[in-house]
Amino acid sequence: MHTYSLKKISFLLVLLVSSVVSAQVTFEAKVSKEKLGINERLRIDFVMNKDGDNFNPPDFANFNVVGGPNTSVSNSWLNGKHSYTKTYSYFLSPKKKGTININEASIEIDKKIYKTEPLTVQITKAVKRPNDPYNVEGVASENIHLVAEVSKTNPYLNEAITVVYKLYVSATTGVSNWREVENPRYNDFWSQKIETKGLRIQNGKYKGEDYRYVVLRKTVLYPQKSGKLEIEPLTLDITVEVPTNRRDIFGGRHMAQVNRTVSAGSRTINVKPLPENGKPEDFTGAVGDFEFNVITSKTQLNASESLQAKVEVTGKGNLNLFELPGITVPSSLEVYEPERNESIRTNLSGMQGAVSDTYTIVPQFKGKYPIPSISFSYFDLETETYKRVSSGEIVIDVIEGPINNSSGDDNIASTTNLDKAEVVTNSDQFAFIKTNTEFIPKQPERFFKSTLFWSSILLPFLAIPLALFYRKKKDERDADVFGNKIRKADKLARRYLGEAKKSLGNKEAFYIALERALHNYLKAKLHIETSDFSKEKIEEILLQKQVNESAIAKFISILEHCELARYTPITNVEMRQDYDSAASTISTIDKEIRHA
């Protein structure tokens, strides 16, 4: 009996110990590695064998939390035994090198607080190739690159260079989307963006390794001052897809998405000044390879007829960044302000095409008139020397018209020699002036019943119908809301055009005033509101008004240039040219609309 009691007590004790052991709560912290590079990621799991509440993680003061908390629960039965595990996971990026302590975490289970033991990890310098299945950002940073390829880093002043932005992506990494965070502002450069039609994926190499890449942007730059100039970086926010070590139920790799900010970095361009040695006095900044011509529409005509003289530069270089030489003509030829024409296309090698000033010339008298030779100077990049080209003299033969009898050397055909005669003075030449006078007193007229008297009485009565007529017309004018809008717009156009002229040299104020002047002119002449301003609408209405297509294209081009010019470097010469072009275009359209 005694033996049976002892066995029974022993069995009960074993059951009690087993139940106590099985009911023991565990809560611990585990790290993926205890030593890692500063460019790697650390995973830390807080694991418990019983569900709890009020979980408090450490502060992670020396880490950036790049992921988490992620929660996972495992609930299983094995050989009749139940097991339960709940895990809180964090992905951490270390902020500094050295030994870093991770403080304790806490949780409440069955109204009792449990805490983990503090952990220590060692952070080393960056490793070349992070081999970490949790280092998604590290993989992304290694496999995606934004590069700014500059064609030349030491150009001359006003020499074209190109910047091509390429996004390189490794074969194992994907990109689903991107947006521009910072756009480069090309200070001290004239810039022209070249449109890219679609994004074509190409194969290439980045630092000797195979990559895929797309060209995101192409820009042509002309430096406007010498010295060290900085090209600001292009920065993108990219959604990157990176394969992980996790696999789906079919064995395929799970792709993790992460947002990655990449920058092309700033680039420094060392711009060389143009040499002073051999620089011509008439040099106005042309850099490239050019041809120069002066062409007249005719060389024989009658007086009061007109001809056109075109001063034209063609070739490759900074075509719209220099002044064309002007023409000099004899005083007997009347010359009007030139009309600027530009036919320029821009590609990766820079600007190509032609710019010209066309002068209208009207002779007044019969004769032969020379247009002296005109020279044009430019800096040739290939030989790195200055070159000068001349047009040669042109003689205008006016075959019909009045003869200019005035002396001078401007009319070759009508120069004559006049005989000179001695001038003889006469002592009686001032005899017609009387030296003795007799004053006769004049009786003052009486005001009463005089013409002035009756006029003073009658004029107020005559002014009454005039005042009534003026009042009626004023009321009609005030009631004409549409007409008043047109008159106001016309007045504003003239005012803003005047303001634009006053603001020459102040780029922002000048182009705002010029754009307002153009808009108000359209309001006045086309009877359209600002909300209807579109290139298609303007072109349609001007064509209906029988305006020349070239004038329409010039007007629209000026409007577009006003918008673009605020964000690009502009010289005072260009502002003056834009003002003259706007004034002449408005004048041309105004004449054609009135004629129609």
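Quickly rank 370-382, 203-215 as a protection proxy: mean count of other C-beta atoms within 10 Å, highest first. Don't jump to the answer; show the numbers that get you there.
On the way: 370-382: 17.8, 203-215: 12.8.
Top to bottom by mean Cβ count within 10 Å: 370-382, 203-215.
Arranged from highest to lowest average of other beta-carbon atoms within 10 Å per residue, in what order do the peptides 390-396, 275-281, 292-298 appear?
Details: 390-396: 14.7, 275-281: 9.4, 292-298: 16.3.
Most protected by this proxy first, the peptides run 292-298, 390-396, 275-281.
Based on the mean of other beta carbon atoms within 10 Å per residue, what is the order of 330-338, 96-104, most packed first? Display every interim value, and only then the final one.
Details: 330-338: 16.4, 96-104: 13.8.
So the peptides 330-338, 96-104, ranked by packing, come out 330-338, 96-104.
Provide, as a two-decimal number, the C-alpha radius of gyration of the stretch 254-398 over 2.2 N^0.38 Å, N being how many residues it has. Could the numbers behind the result be given before it?
Values: Rg = 22.3 Å, N = 145, 2.2 N^0.38 = 14.6 Å.
For the stretch 254-398, the normalised Cα radius of gyration comes out at 1.53.
Taking the simple approach of a point 7 Å from Cα along Cα-to-Cβ for both S83 and T284, what is their distance in nm?
8.8
Determine the alpha carbon to alpha carbon distance for each of K197/K272; K33/K205; K507/K554; K152/K316; K35/K166 and list only those over 28 Å.
Numbers: K197/K272 34 Å; K33/K205 34 Å; K507/K554 20 Å; K152/K316 17 Å; K35/K166 36 Å.
Over 28 Å Cα-Cα: K197/K272; K33/K205; K35/K166.
Taking a threshold of 19 Å on the Cα-Cα distance, which of the pairs K86/K115; K298/K387; K525/K545; K523/K545; K310/K591 fall above it?
Values: K86/K115 15 Å; K298/K387 29 Å; K525/K545 10 Å; K523/K545 14 Å; K310/K591 23 Å.
Listed pairs above 19 Å: K298/K387; K310/K591.
With r as the distance between the Cβ atoms of F55 and V150 and R0 = 30 Å, compute the FRET efficiency 1/(1 + (r/R0)^6) and round to 0.05. List each step's numbers first, then the result.
Numbers: r = 53 Å, r/R0 = 1.76.
The formula returns an efficiency of 0.05 here.
For N64 and R267, compute 0.36 nm times the residue count separating them, minus their Cα-Cα distance, and round to one decimal in nm.
Details: separation 203, 0.36 × 203 = 73.08 nm, distance 3.02 nm.
Value of the extension gain: 70.1 nm.
Quick one: which residues, 5+ away or cross-chain, put their amide H under 5 Å from the amide H of V287? H built at 1.01 Å from N.
Amide H neighbours of V287, under 5 Å, 5+ apart: N318, F379.
State to the nearest 20 debye the size of the charge dipole of the stretch 259-308 about its Cα centre, where the only charges are +1 on K and R beta carbons and -1 on D and E beta carbons. Let's see the in-between values first.
Values: 5 positive and 6 negative charges, 103 e Å.
So the dipole magnitude of the stretch 259-308 works out to roughly 500 debye.
Which value in nm describes the separation of the simple spin-label points at A126 and E104, placed 7 Å from the Cα toward the beta carbon?
3.8
Since every read-out is calculated from the coordinates, none of them should be taken as a lab result. Quantities reported herein were computed from a predicted structural model and do not represent experimental measurements. As a convention, Cβ positions derive from the backbone with ideal geometry for all residues, glycine included, and neighbour counts pool all protein chains shown.
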